[in-house]
Amino acid sequence: MLLTGFFCYLFWTKKGRLTTKFLISFEPAALEWGEELFVYYKERSKPIIESLSTL
C-alpha cells in the first residue's frame with residue numbers, strides 16, 4: 001500500500017502471491033481510509049521471526 005498523494009492497495013492470494021487486482025484513488029477520503037487500514041493491520045501484525053518460531 002502506498003500513501004503519497006494517492007492510495008494504491010495491491011491484493012495478495014492466501015498463498016502469498018501478488019494478484020493483478022488493485023485499488024487506486026486520489027480522493028482525500030480514500031487516503032484517510034488507506035491510512036486507517038494500514039494502522040489497523042500494523043497494530044495487529046507480528047514480526048516474521050516471531051511468527052516463524054511458533055510453527
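The table that follows gives values for the structure above.
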quantity: FRET E, pair PHE22, ARG44, Förster distance 22 Å, beta-carbon r, rounded to 0.05; calculated: 0.50
quantity: Label-point separation, LEU31 to PHE6 (7 Å along Cα→Cβ), nm; calculated: 1.3
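Every number here is computed from the coordinates shown, using simple stated rules; none is lab data. As the structure is a computational prediction, the values presented were derived from the model and not from experiment. Glycine gets a Cβ as well: all are built from the backbone with ideal geometry, and neighbour counts include every protein chain shown.
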